[in-house]
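Contents: one structure, followed by commentary.
The values are calculated or read from the model by the stated rules, or taken from the named source; none is laboratory data. These numbers come from a predicted model, not from an experiment. A quick note on method: Cβ atoms are made from the backbone with ideal geometry, for glycine too, and the neighbour counts reach across all protein chains shown. Remember, those area values only see protein heavy atoms, side chains included, never the ligands or the DNA or RNA. Shrake-Rupley method; radii C 1.70, N 1.55, O 1.52, S 1.80 Å.
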Amino acid sequence: MYEPQNTLQGPSLYQPYPARIIRTLPQIPDHQLFQVRFEQEDMVKSFTYRPGQFLMLSVLGTGEAPFSISSSPTRPGVIELCVRQIGRVTKALFNLPPNALVGIRGPYGNGFPLEQLRGNNLLLVAGGLGMAPLRSLLWYALDNRAKFKDVILMYGGRNPDEMLFKYELLNLIDRADVKCLLTVDNDPEGIWKARIGVVTKLFDHVEIDPENTFAAVCGPSVMFKFVLEKLLQRNFSKDRILMSLERNMQCGVGKCGHCMIGYKYTCLDGPIFTYWDAINLPEMI
Amino acid sequence: MKIVKLPKEKLAEFLSCLRAFGEIHAPTKRGEKSHVFAPLKEPAGIELDYTRTILPLKKYFLPPMETMFNFQAEKGYETPAEESDKKYIIFGVHPCDIHSLKILDLVFGGKYVDGHYFSRRSKAAIIGLDCIPDEFCFCRSTGTDFVDDGFDLFLSDIEDSYLVRVGTSLGDDMVKAADTLFQEVTVQDREKYKKKSIQRGQSFQSEIQLQDLPEIMDLEYESQIWQELGEECLGCGTCSMVCPTCYCYAVFDELNLDAASGQRIRRWDSCLFKDYALVAGGHNFRAQRSSRVKNRYFHKQRGFVSQYGRPSCVGCGRCKEYCPAGVDIIEVVNKLRSETRV
């Protein structure tokens with residue numbers, strides 16, 4: 001199995017490495033997929049990461065923010081970040097000219113526990129922008145298909161125009177080695193060929209063996225609450241439910257303090273936590 | 001450990017000898033009652049009778065504001081020219097403050113080593129000094145009233161002299177450079193030291209019981225105490241600034257007038273500030289002041305224990321002395337405890 005781990009450390013731990021935005025792919029309103037490539041050729045080849053990890057991206061003159069990585073380490077060379085235009089740094093990022101210079105450092109955080117996931121079924125449940133970190137795990141699993149049993153993706157959006165990676169995921173529906181269930185809450189224009197309804201309804205369409213499955217859940221907190229109920233009803237162990245958390249992060253390496261939740265640093269101990277961790281951390285959800 | 005004796009009348013001379021090892025910073029008076037660590041110009045300006053300085057030693061290693069690196073359009077990020085190799089000697093550091101440095105070493109070390117912090121740390125020698133606690137000190141409760149290491153030299157006051165513990169090779173060099181000033185420790189000196197030690201132990205006026213506090217805090221997570229504290233607290237962040245183990249910082253980019261270059265800067269931050277846990281999009285994970293106060297206490301007394309096996313509080317009493325709202329950590333802990341007993 002792919003075993004990454006070599007976090008970049010420059011002259012300053014905090015100094016980003018130069019990289020360029022080589023392509024931007026509009027996704028849905030206010031969301032773009034940024035393809036980023038290091039300037040230094042050796043780093044293009046050596047940079048690797050674990051699905052679920054994040055990196056710190058700097059826009060010169062504006063600042064730095066954490067982003068989860070949407071690409072898979074099985075497809076090296078270009079790093080993909082699915083970004084919503086929502087804060088100071090992301091707004092500046094959306095306004096950059098083609099081939100703009102940015103700074104990158106990382107990868108940081110624990111990422112998904114790949115050793116534990118190996119040999120199990122994977123159930124990925126995403127809502128909205130929650131697809132961004134889960135896409136990394138999805139392609140990692142599909143590119144290492146023999147290492148996992150069944151791979152199931154459940155992804156829900158509000159309407160067809162708000163589905164991230166829409167065509168890429170629609171293409172998975174006919175694939176035999178993955179069960180891809182896509183749903184939208186509403187389809188006002190009647191153009192949606194997949195399912196309609198909230199993401200939890202997708203549980204009616206699958207048989208899951210909770211003893212041999214890990215669930216990775218990422219999405220808005222409302223969705224999380226209902227998905228959690230479903231998983232617990234299906235007798236999932238709290239250790240087998242994984243989630244990715246968001247916090248204010250200004251260093252990424254457990255120093256600046258901002259991402260502290262109770263007793264843990266989201267940047268060092270997370271951003272992937274089990275549901276059991278979540279119950280034991282105040283303020284977590 | 002090697003222990004020698006320095007008669008007090010030789011102190012000025014010793015300080016002169018020390019200048020060969022670096023710029024001396026020592027407690028000096030600021031205003032009527034306050035003290036600060038500042039460069040020592042004249043040996044006479046030293047105030048070894050102080051209890052605590054307003055700002056702790058972290059200002060030397062994690063400055064209130066510092067440039068981490070520069071950036072320039074189309075060139076990217078560049079490390080600024082190496083800071084000078086100037087050496088420092090910080091003289092007269094109390095045990096609690098030495099412990100606080102050991103705690104900061106844990107935070108800035110580990111898997112990711114903060115070079116900014118450690119390059120400054122390696123340029124500063126620490127000369128410790130014992131002290132008599134005042135009404136704010138509770139270092140005995142936090143186990144930080146004595147130090148075994150973390151200093152180059154450590155001076156203990158025995159009336160007319162100092163017993164000097166030599167903690168490092170550099171400390172030994174300092175003693176050797178002023179060889180004629182030092183004397184051997186006599187039986188009487190040892191007796192004086194022990195007498196002083198008992199006297200010091202009896203001077204503590206404040207206690208705080210920290211054993212099993214993490215469990216109590218878990219039990220009292222929803223306590224009304226946090227609400228009340230949130231109403232008392234002004235959210236000014238003074239406690240964080242004066243705390244020797246508060247290390248949180250904020251990062252921002254500062255643009256030069258050419259609008260094409262600038263600096264990335266870090267600056268002391270406080271978890272009590274309203275925007276501390278704010279994320280893009282406007283969600284604030286700790287919008288209530290009560291939740292921010294609670295978080296501060298939890299991190300110091302509960303979270304740090306889980307992470308590093310000890311609370312990060314060293315009992316220096318600064319937060320209590322300087323809080324404009326009179327929030328008293330001892331009172332808070334006692335309230336948590338008594339509520340549990342009811």
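Points worth noting:
- Looking only at segment B:153-180, residues that are touching a residue at least 60 places away in the same chain (Cβ under 8 Å), of a type in the set (Asp, Glu) and assigned to a loop (DSSP other than H, G, I, E, B) come to 1 in all.
- Tabulated pairs, segment A:48-74, first over 26 Å from B:Asn256 (Cβ atoms), second among the basic types (Lys, Arg), C-beta under 8 angstrom, 6+ apart or interchain: A:Leu55/A:Arg105; A:Ser70/A:Arg135; A:Ser71/A:Arg135; A:Ser72/A:Arg135; A:Pro73/A:Arg50
- In segment A:192-205, the condition of being over 23 Å from the mean Cα position of the chain (by Cα), part of a helix (DSSP H, G or I) and either among the charged types (D, E, K, R) or surrounded by fewer than 22 Cβ atoms within 10 Å (Cβ to Cβ) (or both) is met by at least one residue.
- Residues that are more than 8 Å from chain A (Cβ to nearest Cβ) and closer than 13 Å to A:Thr62 by Cβ within segment B:247-259 comprise just one, B:Glu254.
Residues checked against (1) touching a Phe, Trp or Tyr at 6+ places or on another chain (Cβ under 8 Å); (2) under 30 Å from B:Asp253 (Cα atoms); (3) part of a strand (DSSP E or B):
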position	(1), (2), (3)
A:Ala215	yes, no, yes
A:Val222	no, no, no
A:Lys230	yes, no, no
A:Glu246	no, yes, no
A:Gly252	yes, yes, no
A:Gly257	yes, yes, no
A:Phe273	no, no, yes
A:Ile279	no, no, no
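So that you can scan it fast, the table gives a plain yes or no per residue for (1) buried (at least 20 other Cβ atoms within 10 Å of the Cβ); (2) facing another protein chain (nearest Cβ under 8 Å); (3) in contact (Cβ under 8 Å) with a residue 12 or more places away in the chain; (4) not in a loop (DSSP other than H, G, I, E, B):
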| position | (1), (2), (3), (4) |
| --- | --- |
| B:Pro244 | yes, no, yes, no |
| B:Gln263 | no, no, yes, yes |
| B:Arg266 | yes, yes, yes, yes |
| B:Asp275 | no, no, no, no |
| B:Ser306 | no, yes, yes, yes |
| B:Ile330 | no, no, yes, yes |
| B:Asn334 | no, no, yes, yes |
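- The criterion of being in the same structural domain as A:Ile152 (by TED's automatic domain parsing), of a type in the set (S, T, N, Q), open to solvent by 10 Å² or more (accessible area, probe 1.4 Å) and modelled with pLDDT of 95 or more holds for A:Asn212.
- Strands (runs of 3 or more DSSP E) enclosed by segment B:36-120 - at least 1 residues per element that are within 11 Å of chain A (Cβ to nearest Cβ) and more than 19 Å from the chain's Cα centre (by Cα): B:65-72, B:76-78
- Hey, B:Lys59 in contact with a strand residue (DSSP E or B) (Cβ under 7 Å, 6 or more places away or on another chain) and in the same structural domain as B:Arg121 (by TED's automatic domain parsing) or not: no
Rundown of residues vs (1) under 17 Å from A:Pro282 (Cα atoms); (2) out of contact with any Lys or Arg (no Cβ under 9 Å at 6 or more places or on another chain); (3) modelled with pLDDT of 90 or more; (4) not assigned by TED's automatic domain parsing to the domain that holds B:Cys248, yes/no style:
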{"residue": "B:Cys271", "(1), (2), (3), (4)": "yes, no, yes, no"}
{"residue": "B:Lys274", "(1), (2), (3), (4)": "no, no, yes, no"}
{"residue": "B:Gly281", "(1), (2), (3), (4)": "no, no, no, no"}
{"residue": "B:Arg286", "(1), (2), (3), (4)": "yes, no, yes, no"}
{"residue": "B:Arg296", "(1), (2), (3), (4)": "yes, yes, yes, no"}
{"residue": "B:Gly303", "(1), (2), (3), (4)": "yes, no, no, no"}
{"residue": "B:Ser306", "(1), (2), (3), (4)": "yes, no, no, no"}
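- Of the residues contained in segment B:181-188, one or more are found to be assigned by TED's automatic domain parsing to the domain that holds B:Lys8, assigned to a helix (DSSP H, G or I) and open to solvent by 60 Å² or more (accessible area, probe 1.4 Å).
- Filter pass, A:Asp174 being free of Cβ contacts under 8 Å to residues at least 12 places away in the same chain and either part of a helix (DSSP H, G or I) or out of contact with any Lys or Arg (no Cβ under 9 Å at 6 or more places or on another chain) (or both): yes
- Matching residues in segment A:2-28 - criterion: being out of contact with any strand residue (DSSP E or B) (no Cβ under 7 Å at 6 or more places or on another chain), open to solvent by 70 Å² or more (accessible area, probe 1.4 Å) and either modelled with pLDDT of 90 or more or within 13 Å of chain B (Cβ to nearest Cβ) (or both): A:Gln5, A:Asn6, A:Gln9, A:Pro11
- In segment A:61-90, the qualifying residues are those that are among the charged types (D, E, K, R) and more than 9 Å from chain B (Cβ to nearest Cβ), and the one that is surrounded by the most Cβ atoms within 10 Å (Cβ to Cβ) is A:Glu80.
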